[in-house]
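Structure first, then comments.
The values are calculated or read from the model by the stated rules, or taken from the named source; none is laboratory data. Just so you know, these numbers come straight off a predicted model, no measurement behind them. Quick reminder, even Gly has a Cβ in these numbers, built from the backbone with ideal geometry, and neighbours come from all protein chains shown. Note: accessible area is taken over every heavy atom of the protein model, side chains too, but ligands, DNA and RNA are not part of it. Shrake-Rupley method; radii C 1.70, N 1.55, O 1.52, S 1.80 Å.
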Amino acid sequence: QVQLVVPMAVVFGPGSVPRDLPRPLPFRDVQEMEISVNLRTSVTSRYEMRYRSTTGQEEAALAAATAREADAALHPLQDTTLGSLTMYVVPETSPLLPQGINVYVGRHRSALVRAGGSLAALQARLREVTQVMSFTASAIAAALSDRVPDSQLSPDARRDLKSSLGYEITFSLLNPDPKSHTVDWDIEGAVNRYVKPVLDKLSLVANFSVDSQILYYAVLGVTPRYDKESSSFLLSAHSLPHVINPVEARLGSSAASLYPVLNFLLYVPERSHSPLYIQDKDGAPVSTNAFHSPRWGGIMVYNVEAPASPQASLPLHVDVDMARVMEVFLAQLRLLFGLSREEVPPHFLLESPGNEGLADWELDHLLWAHTVENIATVSTTLTSLAQLLDKIGNIVIKDDVASEVYRAVASVQSAVTKLSLGHLHAAFQASKEAVTSSERAFFDPSLLHLLYFPDDQKFAIYIPLFLPMAVPILLSLVKIVRESRLRRKEPTKMD
């Protein structure tokens with residue numbers, strides 16, 4: 001039974017304290033909610049709320065002109081522990097928040113919330129904020145998707161990447177018509193400028209490696225439809241799934257990879273199929289001219305402008321606008337990690353994460369989900385290993401395999417304990433160690449060769465070897481037994 005504890009500070013600014021508070025500030029309160037996964041598994045979320053008034057420094061920070069300035073000034077003054085939240089309550093008439101906005105969520109682990117007049121209204125807003133900034137029942141269900149019935153899962157629950165110790169990101173440029181186009185892309189500069197800040201922030205979650213390649217004469221494998229009205233070629237939504245398999249055969253990146261591979265493909269259409277546009281399910285053109293595939297990656301079509309004169313020499317030189325391309329790929333990367341911001345209530349204002357690509361609370365969101373998923377993975381792995389070893393009675397388990405199992409159990413118990421104390425970072429690290437140890441034990445070479453050598457195979461191998469020798473031995477034993485019986489029956493001769 002896993003309990004997720006969120007340490008939460010509710011800080012009242014001047015003029016924002018509700019009149020119906022149950023007792024004078026400061027005081028503590030606890031709110032619990034049970035997230036049912038299946039008949040046997042449930043996860044308890046526990047918000048340990050500490051209500052207090054602002055300090056002098058926090059009051060000065062809240063006197064800033066804009067919410068963004070206030071958030072930057074408050075950041076050094078608040079608890080920056082992973083998984084913790086700080087809510088600054090401002091009066092209903094505060095000019096910090098724009099008209100019609102009740103909640104401002106910053107880049108870090110804090111939010112500005114309008115008081116709401118009563119404690120019940122404030123607590124309702126606080127619940128909405130915690131659903132956005134920490135974790136939701138749907139996020140936990142998606143992390144435990146292997147244990148949840150399909151009927152209870154949302155359509156996007158299996159879109160997110162499974163938790164892993166590492167990921168490999170491959171950027172591929174597909175040029176199917178090198179005779180017509182010479183394409184240059186500054187992928188190294190783009191990765192350093194746009195991707196590296198995001199991966200530096202995500203390095204707490206997993207290890208990342210990035211590589212790139214250019215593939216010539218690589219076509220999509222689907223013939224686009226020509227549209228006379230727009231004088232362009234169209235790829236409809238129902239044909240997009242058929243694009244990936246022919247292209248993936250050329251990528252070759254996942255064949256020798258230990259970790260999941262994320263593929264981001266930039267496709268420059270050949271002249272005979274240019275310009276090429278992607279349509280959504282309703283037949284409207286997709287603004288980004290790109291699409292993504294769950295747990296796999298994304299593809300963007302990059303159209304090249306036709307030459308001004310028909311006599312222009314070929315191949316045409318194309319310089320790719322990497323800012324436009326990376327904006328799409330980073331949005332797809334966020335989708336693959338489940339960091340979509342689509343489900344935000346209308347009266348919320350979320351600050352853009354900037355160059356880092358994700359806010360601090362979004363990083364916590366990932367850590368919550370991956371920690372729970374790691375604990376479930378270790379539980380499943382060790383249970384499978386125990387059941388397997390029970391079926392093979394004569395298997396020899398070495399001491400190092402046993403120690404890995406003990407280490408995995410101790411680490412997963414430590415992760416559960418740390419979660420119940422609200423120590424998210426320590427819990428995540430313990431869950432990663434548990435996954436590593438459980439997989440080492442499960443895939444230990446000393447076990448593998450016996451797993452595929454059951455008793456019926458032993459009989460099939462040894463009977464042909466021993467039966468030819470056993471037959472004469474058995475016949476000789478029968479003969480000896482008969483002779484001994486005959487000797488006993490013969491009367492002894494007396495002289």
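Here are Arg40, Arg19: which of them is open to solvent by 20 Å² or more (accessible area, probe 1.4 Å), within 21 Å of Ala143 (Cβ to Cβ), charged (D, E, K, R) and in a loop (DSSP other than H, G, I, E, B)?
Criteria check complete, one pass: Arg40.
Taking the stretch 213-234, which residues are open to solvent by less than 30 Å² (accessible area, probe 1.4 Å) and among the polar types (S, T, N, Q)?
Ser232
Do we have Gln31 as closer than 21 Å to Val105 by Cβ and either modelled with pLDDT under 85 or open to solvent by less than 50 Å² (accessible area, probe 1.4 Å) (or both) here? Show your work before the answer.
Numbers: closer than 21 Å to Val105 by Cβ: yes; either modelled with pLDDT under 85 or open to solvent by less than 50 Å² (accessible area, probe 1.4 Å) (or both): yes.
Yes; evaluated as a whole, the condition is true for this residue.
Would you mind telling me which numbered condition in (1) among the hydrophobic types (A, V, I, L, M, F, W, C); (2) closer than 24 Å to Val304 by Cα; (3) open to solvent by 90 Å² or more (accessible area, probe 1.4 Å) Val286 fails?
For Val286, the failing item is (3).
Quick one: which of Ala359, Ala323 is in contact (Cβ under 8 Å) with a residue 12 or more places away in the chain and open to solvent by less than 20 Å² (accessible area, probe 1.4 Å)?
Ala359
Out of all the residues in the stretch 182-212, which are open to solvent by 10 Å² or more (accessible area, probe 1.4 Å) and either in a loop (DSSP other than H, G, I, E, B) or farther than 30 Å from Glu362 by Cβ (or both)?
Passing the criteria: Thr182, Val183, Asp184, Trp185, Asp186, Ser203, Leu204.
For the stretch 231-256, how many residues meet the condition of being modelled with pLDDT of 80 or more and part of a loop (DSSP other than H, G, I, E, B)?
Number of matching residues: 3.
State yes or no: is Phe291 assigned to a strand (DSSP E or B), modelled with pLDDT of 85 or more and open to solvent by less than 50 Å² (accessible area, probe 1.4 Å)?
In short, yes.
Need the failing condition index for Thr44 against (1) among the polar types (S, T, N, Q); (2) under 30 Å from Val205 (Cα atoms); (3) in contact with a Phe, Trp or Tyr (Cβ under 9 Å, 6 or more places away or on another chain), just the number.
Result: Thr44 fails condition (3) only.
Name the helices (runs of 4 or more DSSP H) wholly within the stretch 370-486 that hold at least 3 residues that are surrounded by 19 or more Cβ atoms within 10 Å (Cβ to Cβ)?
Those helices (runs of 4 or more DSSP H) span 399-421, 424-442.
So which residues in the stretch 235-250 are under 23 Å from Met326 (Cα atoms) and either open to solvent by 10 Å² or more (accessible area, probe 1.4 Å) or among the basic types (Lys, Arg) (or both)?
We begin by selecting, within the stretch 235-250, every residue under 23 Å from Met326 (Cα atoms); these are 235, 237, 240-241, 243-244, 247-248, 250.
Hits for the stretch 235-250 are Ala237, Leu240, Pro241, Ile244, Glu248, Arg250.
So which residues in the stretch 294-328 are in contact with a helix residue (DSSP H, G or I) (Cβ under 9 Å, 6 or more places away or on another chain), modelled with pLDDT of 90 or more and of a type in the set (D, E, K, R)?
Result: Glu327, single match.
Mind listing whichever residues of the stretch 51-90 are open to solvent by less than 30 Å² (accessible area, probe 1.4 Å), not hydroxyl-bearing (Ser, Thr, Tyr) and not in a loop (DSSP other than H, G, I, E, B)?
Glu58, Ala61, Leu62, Ala67, Ala70, Asp71, Leu74, Leu85, Met87, Val89, Val90, listed by residue number.
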